1. Quick check on my filter: what residues within segment 95-108 are within 17 Å of Leu81 (Cβ to Cβ) and buried (at least 21 other Cβ atoms within 10 Å of the Cβ)?
2. When you scan segment 109-121, how many residues do you find that are surrounded by 14 or more Cβ atoms within 10 Å (Cβ to Cβ) and assigned to a loop (DSSP other than H, G, I, E, B)?
3. Just one of the numbered conditions (1) under 20 Å from Met164 (Cα atoms); (2) loosely packed, with under 13 Cβ neighbours inside 10 Å is not true of Asn139; which one?
4. What about Glu21, is it modelled with pLDDT under 90, outside the structural domain of Met157 (by TED's automatic domain parsing) and closer than 17 Å to Gly161 by Cβ?
5. Check whether at least one residue in segment 122-135 is buried (at least 21 other Cβ atoms within 10 Å of the Cβ), in contact with a Pro (Cβ under 9 Å, 6 or more places away or on another chain) and within 12 Å of Thr165 (Cβ to Cβ), and report yes or no.
6. Restricting attention to segment 138-155, which residues are assigned to a helix (DSSP H, G or I), under 22 Å from Met125 (Cα atoms) and either without any contact (Cβ under 8 Å) to a residue 24 or more places away in the chain or not assigned by TED's automatic domain parsing to the domain that holds Cys101 (or both)?
7. Would a scan of segment 114-133 turn up a residue that is of a type in the set (Val, Ile, Thr) and at pLDDT 95 or above?
Amino acid sequence: MKFGAPHSYTLSVTKNERFREDFGAFSDAIVIFGGAVLFLAFAICLATGVYCIAEVLELHTKLAKKTIGMAIKVSLAVNILLTLDKMPTICVCAGILAQVCYYQLLKRVPSVQLRDPSFIASSAMLLVNHCLWMWHFINMNVSIVRITCFFFVAVWMVPVGIIMTLSASDDSLPRH
């Protein structure tokens, strides 16, 4: 008996179909319930982590500002290095421009007004940068985990840090 590509493909489809038939309604309900509990646990852990980081930022605003400044430099270097991977020039340029806007906004942190031009420019560049990279990845066969990790480092890391610093400044007491 020869094992060729069509035969092994037919065999794997048959196994998957048989496995799907063995998975009943009760098993599906267990999987859905387990997924919901796992999602809830993940959300609670994420909220707890964000709360702890916000507490640290509230106590150490100068250190947070320095750390965000370093994150801007790292993200800027990442965007420049993306040209070596032949990523789209428009996406890389938008990423670099976004980092410049974040740097301008960082000068005003932690007391940023919503009508401040640097805040508006930073928010607009976050949206533009996110959309451009999303349009780049939308038709590629790349896992969502890989895209999310890329987005965290190249797009979201600095804005999330700035937003957390801004929320921490609302509750902090003035220091003399």
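The values are calculated or read from the model by the stated rules, or taken from the named source; none is laboratory data. Predicted, not measured: the structure shown is a model, and the values here were computed from it. FYI the Cβ positions are ideal-geometry reconstructions off the backbone, even for glycines, and counts take in every protein chain you see.
1. Of everything in segment 95-108, those that are within 17 Å of Leu81 (Cβ to Cβ) and buried (at least 21 other Cβ atoms within 10 Å of the Cβ) turn out to be Gly95, Ala98, Gln99.
2. Residues meeting the conditions: 4.
3. Looking at each condition in turn, Asn139 falls short on (1).
4. Values: modelled with pLDDT under 90: yes; outside the structural domain of Met157 (by TED's automatic domain parsing): yes; closer than 17 Å to Gly161 by Cβ: no.
It is false that Glu21 is modelled with pLDDT under 90, outside the structural domain of Met157 (by TED's automatic domain parsing) and closer than 17 Å to Gly161 by Cβ.
5. No: zero hits.
6. Just the residues of segment 138-155 that are assigned to a helix (DSSP H, G or I), to begin with: 144-155.
Next, only the ones that are under 22 Å from Met125 (Cα atoms) stay: 147-155.
Within segment 138-155, Ile147, Thr148, Cys149, Phe150, Phe151, Phe152 meet the criteria.
7. Let us first name the residues in segment 114-133 that are of a type in the set (Val, Ile, Thr), namely 120, 128.
With at pLDDT 95 or above added as a condition, the list becomes 128.
Looking for residues that are of a type in the set (Val, Ile, Thr) and at pLDDT 95 or above, one finds at least one in segment 114-133, hence yes.
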